[in-house]
Amino acid sequence: MKIIKAKIFKQFPEITFGMSTKFKFDNRDKFNFNMSLNIGDELERVESNRKLFFEILGLSIENVAYQNQIHSDIIKETGYGGNVGESDAIITPRKGVGIAISTADCVSIYIYDKTEKVIAGIHSGWRGTEKKILQKTLDRLNSEFDSEPENLFVYIAPSISQNNYEVGKEVAEKFDIKYSIPIGEKYLLNVSKINYDMLIDFGIPKEQIEVSELCSFDESYLHSFRRNKNESGRAFGLIAIKE
């Protein structure tokens, strides 16, 4: 099984990070190692997939926090594993508790404060990006956990690239023109770059930000809703501070 790692976090032995990829146990697993409970996959299969993935990363299924992602700007703070409810960002200062973010093209961002020892995971599709959920998470880290930009290390995980992310004019116009390329009556939108610029504007040094060059649409081993539609599974990106 291939697990995507973040180079930016390898300098911190206390941090665990990994992102799942497609992996088929048998031909009945049409979603290819899916992590989502909301796409019609079998409950037992999803729970088994999660258990295996978490254990590979040294965590138990009981100690991973996840959410019902709704393309919002809702941020939850937790010290425990399990479902935190409807939200699109999770923060925890608790060692041994992981944060799992579900993706299948959308941008996901993972943050570690090396000084205050707190982590965050954010799901930011175009709707969440328009609502500036990343910016609001950074502000929450600063106001409630004393996180300063110079202490934050960030990974922007694989997502759909601009070359493959076609949107209508009504979506493109929600963002600065510099983030889109017109193509006929449509536009190619760079959601990852919008989020990257939020990090830079917050004051995080660019050498402390890693942006994956992998495109979920192009790479066949990554889950992609744009490519596979209703046959697409969902990946989990998981970050945790070791106990």
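Checked against (1) surrounded by 18 or more Cβ atoms within 10 Å (Cβ to Cβ); (2) of a type outside the set (Asp, Glu); (3) touching a Pro at 6+ places or on another chain (Cβ under 6 Å), LEU214 meets all criteria but (1).
Scanning region 13-53 for residues that are within 21 Å of the chain's Cα centre (by Cα), surrounded by 15 or more Cβ atoms within 10 Å (Cβ to Cβ), on the phi < 0 side of the Ramachandran plot and assigned to a loop (DSSP other than H, G, I, E, B) yields a total of 11. Among the residues making up region 65-81, those that are more than 25 Å from ARG127 (Cα to Cα) and either aliphatic (A, V, I, L, M) or surrounded by fewer than 18 Cβ atoms within 10 Å (Cβ to Cβ) (or both) are GLY79, TYR80.
LYS229 satisfies every condition listed in (1) of a type in the set (D, E, K, R); (2) surrounded by 13 or more Cβ atoms within 10 Å (Cβ to Cβ); (3) more than 17 Å from the chain's Cα centre (by Cα); (4) under 27 Å from ASP41 (Cβ atoms) except (2). Highlighted here are the strands (runs of 3 or more DSSP E) found entirely within region 112-195 that include at least 3 residues which are over 15 Å from the mean Cα position of the chain (by Cα) and more than 19 Å from LYS95 (Cα to Cα): 180-183, 186-189.
Which residue out of GLU219, GLU148 is over 20 Å from ILE99 (Cα atoms), in contact with a Ser or Thr (Cβ under 8 Å, 6 or more places away or on another chain) and surrounded by fewer than 18 Cβ atoms within 10 Å (Cβ to Cβ)? Outline the logic, then answer.
Values: GLU219 fails: in contact with a Ser or Thr (Cβ under 8 Å, 6 or more places away or on another chain).
Answer to the check: GLU148.
Inside region 1-12, can you point out the residues that are within 16 Å of the chain's Cα centre (by Cα) and either assigned to a strand (DSSP E or B) or aromatic (Phe, Trp, Tyr) (or both)? Hits for region 1-12 are ILE4, PHE9. Among the residues making up region 99-125, those that are closer than 16 Å to GLU77 by Cβ, hydrophobic (A, V, I, L, M, F, W, C) and out of contact with any His (no Cβ under 6 Å at 6 or more places or on another chain) are ILE99, ALA100, ILE111, VAL118, ILE119, ALA120, ILE122.
Of all residues in region 82-95, those satisfying the criterion of being crowded, with 22+ Cβ neighbours inside 10 Å and aliphatic (A, V, I, L, M) are ALA89, ILE90, ILE91. Looking only at residues of region 209-241 that are in contact with a Lys or Arg (Cβ under 9 Å, 6 or more places away or on another chain) and in a helix (DSSP H, G or I), we find that the one that is farthest from HIS123 (Cα to Cα) is GLU231.
Taken together, the values in this text are just the output of simple stated rules run on the coordinates, not laboratory data. What you see is a predicted model; the values in this text were computed from it and never measured. Positions of Cβ are backbone-derived with ideal geometry, glycine not excepted, and every protein chain shown enters the neighbour counts.
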